[in-house]
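Read the structure below first, then the notes.
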Amino acid sequence: MDREAPFITAPLPPPVDFSRKDIVRLLLEARTALGELNGFSFSVPNPFLFVTPSTIRESVESSGIENINTTVEQALQGLLFPEEERRAPDKEVLRYRDALLWGWEQLADLPLGNRIICGVFRKLMPRYGGEYRRGPNLIRNSLTGEIIYRPPPADRVPSLMADWEKFQSEGGRDLDPLVKAALLHYQFEAIHPFPDGNGRTGRILLVLSLIQDGLLKLPVLYLSAFINRNRGEYYRLLGEVSAQGAWEDWVLFLLRGMSEQARKTTEALQRLISLQHRQRERIRALPGPISRTEITEQIFLSPILSPVNLGRALDIHYTTASRYLKVLARAGILEHLELGRYRLFVHRELIEILQG
């Protein structure tokens, strides 16, 4: 690969046999782990309770890969603040969450193609207007400033993304969908179709690809956590596909990530469900009308609450919501936190599970 000239991606699929024993073995492991995650996430009465905390965790991890650093707790606090009062990293993380949820919702009516891709990018990076780049893009070494990759010229991006969309919808019928997802993720990052935010957009599309092909029903896989833990290897293998056509190593890496992270996500969901059951029983045992409310569900939907937000969610008066939150704090279920002019109540056990 000539780093002085833009790299032109070859059409998918590559001329590679993915039936090697090590690939097939990891495929079976990943499919089993994803199947267990998929089944488990729908074995609970209201699986959607876990979508919000799961997408926050994924958003924090994916943003961290781009050195946008915050925590699950800080991002959840940001949900309660007006936009102008949010810290810059929390704004980025919450936009990622909104983009992921928006893309997931669109899959009910649209295939994973140009409209969803550009819509996800628009949600993630609103200042760019959701359009493909119209100029060159460069990837540099963050320490030395050296150019390490030149994506295709801007005038090639629309046709390359049209090929990406066609392969997603029609191609790869002889490939396992997990292999196809790995190929598509590389191809998107190699095309680098947007002026910024390509890494985060590509990781959202990776999860949406698994949902599109029926391997997941809910966006609850914390796949970016695996990539974040193995960030150096992730970028090295992306580069080796471009430079050497090392597709097998790339596919093995992502299959290992899907398998490992699906198991870890299932374990986290098991802990969440166990915690939900314990908290429901504790709240039912409390005296007064709070035992008859839907507050258990609300503290999982919103692990950090204020009286205003709880009142709005349960359609009760601010003072009633404040009283309920104080009862939960005295019972040790929530932790009371004063943050400037805000009175917040934190579901500490849930946040600790989410932060891994």
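Structure data summary
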read-out: Lys/Arg +1, Asp/Glu -1 at C-beta; segment 21-262 dipole; positive extreme among 124, 175, 42; value: 124
read-out: Packing-based exposure ordering (other Cβ within 10 Å, fewest first) of 343, 330, 200, 86; value: 330, 343, 86, 200
read-out: Charge dipole (debye, nearest 20) of segment 12-62; +1 at Cβ of Lys and Arg, -1 at Cβ of Asp and Glu; value: 120
read-out: Net dipole in debye of the chain [+1 Lys, Arg Cβ; -1 Asp, Glu Cβ; about Cα centre; nearest 20]; value: 1020
read-out: Dipole axis of the chain (+1 Lys, Arg; -1 Asp, Glu on Cβ), positive-most option in 59, 225, 285; value: 285
read-out: Computed E for residue 236/residue 331 - FRET, C-beta separation, R0 35 angstrom, nearest 0.05; value: 0.10
read-out: Between 0 and 90°, nearest 10: helix 318-330 axis offset from the chain longest Cα axis; value: 90
read-out: Residue 174-residue 8 pseudo-label distance in nm [points 7 Å out on the Cα-to-Cβ vector]; value: 2.5
read-out: The chain: calculated mean residue ellipticity at 222 nm from DSSP helix runs of at least 4, using -39500 (n - 2.57); value: -19000 deg cm²/dmol
read-out: Protection proxy ranking of 20-30, 205-215 - average other beta-carbon atoms within 10 Å, highest first; value: 205-215, 20-30
read-out: Cβ-derived FRET efficiency at R0 41 Å, residue 36 paired with residue 127, nearest 0.05; value: 0.55
read-out: Cα gyration tensor shape for segment 81-217, rounded if a/c is under 1.5, else prolate or oblate; value: oblate
read-out: Burial order of peptide ranges 344-354, 224-234 (average beta-carbon count within 10 Å, highest first); value: 344-354, 224-234
read-out: Within segment 247-277, backbone nitrogen closer than 20 Å to the virtual label 7 Å beyond the Cα of residue 43 toward Cβ; value: 259-277
read-out: Partners for residue 123 among lysines (Cα-Cα distance below 30 Å; same-chain residues under 8 apart left out); value: 91, 166, 180, 217, 264
read-out: For segment 285-354: relative contact order, % (alpha-carbon pairs under 8 angstrom, 6 or more apart); value: 29
read-out: Listed values (i) 1.06; (ii) 1.02; (iii) 1.29, entry calculated as Cα Rg over 2.2 N^0.38 Å; value: (i)
read-out: Proxy reagent accessibility, fewest Cβ within 10 Å first, across 319, 9, 32; value: 319, 32, 9
read-out: Prolate/oblate/rounded label for segment 34-127 (Cα gyration tensor, a/c 1.5); value: oblate
read-out: Cα shape, segment 162-223, gyration tensor, a/c 1.5 rule; value: oblate
read-out: Within segment 292-306: backbone nitrogen closer than 14 Å to the residue 320 label point (7 Å, Cα to C-beta); value: 292-295
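Just so you know, all these numbers are worked out from the coordinates, no wet-lab data involved. Keep in mind it's a predicted model, so treat the numbers as computed, not measured. Methodologically, a virtual Cβ is constructed for each residue, glycine included, from the backbone with ideal geometry; neighbour enumeration extends over all protein chains shown.
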